[in-house]
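*Asks:* Submitted below is the structure of interest, expressed as structure tokens.
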Amino acid sequence: MARYTGPVCRRCRREGEKLFLKGEKCSKNVCPMNNRAVAPGQHGNSRRKLSEYGQQLREKQKAKRIYGLMEKQFLGYFDVATNMKGITGENMLRLLEMRLDNAMYRLGYGRSRTEARQIVRHNLITVNGKKVNIPSYQLKVGDTIEVREKSRTLQRFKEVIEVTSSRIVPEWLSSEHEHLRGTVVSAPTREQITVPVNETLIVEFYSK
């Protein structure tokens with residue numbers, strides 16, 4: 001499966017804001033956005049007014065990068081959201097939030113979504129007691145996510161929890177840090193989804 005392998009911080013610079021793609025580094029002074037907050041490339045310092053299409057494109061790219069998806073996968077979520085009842089943009093964000101890797105990140109069991117995705121792929125997670133190693137696994141209300149018992153003593157989880165212990169867990173999840181376990185309490189509402197994305201522009205982009 002295709003994946004981006006270039007410089008991660010370059011993506012934040014391209015969008016002009018921190019997307020928190022590298023966990024704790026994004027909160028430190030070493031973050032490139034603190035001293036080089038211009039778009040990459042030789043025209044990075046130029047100021048061009050974006051067209052309507054340009055704004056829609058940038059919003060779509062930003063959402064893709066936040067959740068770590070490629071175009072085909074992201075478009076798939078839009079197609080599913082279109083066929084659901086309710087507002088398409090909100091449906092899409094809800095589907096993205098209820099991915100297993102994103103829920104792991106929200107619970108504080110990964111410093112970044114990338115690390116959470118890696119943890120899932122390494123067979124360290126169970127959902128309702130069954131091993132799941134698919135980052136895009138779609139969670140449902142009532143599902144329990146848990147680090148496998150034999151993996152809870154790993155040094156990596158001690159380091160992760162030390163960094164993320166102050167992270168606020170959204171209301172649609174409940175967390176038991178002492179057991180490295182979390183539960184999906186409800187489907188997230190738009191107010192509970194804190195990603196800096198205007199989903200209406202994304203819907204307009206794909207509806208052309």
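The values are calculated or read from the model by the stated rules, or taken from the named source; none is laboratory data. This one's a predicted model, so the numbers in the text were calculated from it and none came from an experiment. Note that we place each Cβ from the backbone using ideal geometry, even for glycine, and neighbour counts take in every protein chain shown. The accessibility values were calculated without ligands, DNA or RNA, using every heavy atom of the protein model including side chains. Shrake-Rupley method; radii C 1.70, N 1.55, O 1.52, S 1.80 Å.
*Asks:* Mind ordering 192-202, 112-122 by average Cβ neighbours within 10 Å, highest first? Walk me through the numbers before you get to the answer.
*Replies:* Working: 192-202: 16.9, 112-122: 19.7.
In descending order of packing, they fall as 112-122, 192-202.
*Asks:* Using a simple charge model, +1 on the beta-carbon of Lys and Arg, -1 on the beta-carbon of Asp and Glu, nothing else, what dipole does segment 68-208 show about its Cα centre, in debye to the nearest 20?
*Replies:* Numbers: 21 positive and 17 negative charges, 101 e Å.
Its charge dipole is roughly 480 debye.
*Asks:* I would also like to ask the following. What number comes out for accessible area per residue over segment 121-205 if the probe is 1.4 Å? Units Å², please.
*Replies:* Numbers: 4830 Å² over 85 residues.
Per-residue value: 57 Å².
*Asks:* Moving on. If you roll a 1.4 Å probe over segment 75-208 with all protein chains in place, what percent of the accessible area is carbon or sulfur?
*Replies:* Values: 3380 of 6620 Å².
C and S atoms contribute 51 percent here.
*Asks:* Could you sort out which of LYS64/LYS140; LYS62/LYS130; LYS72/LYS158; LYS62/LYS158; LYS60/LYS131 sit more than 26 Å apart by Cα distance in this structure? All intermediate terms of the calculation are to be shown ahead of the outcome.
*Replies:* On the way: LYS64/LYS140 22 Å; LYS62/LYS130 33 Å; LYS72/LYS158 35 Å; LYS62/LYS158 31 Å; LYS60/LYS131 32 Å.
Beyond 26 Å between Cα atoms: LYS62/LYS130; LYS72/LYS158; LYS62/LYS158; LYS60/LYS131.
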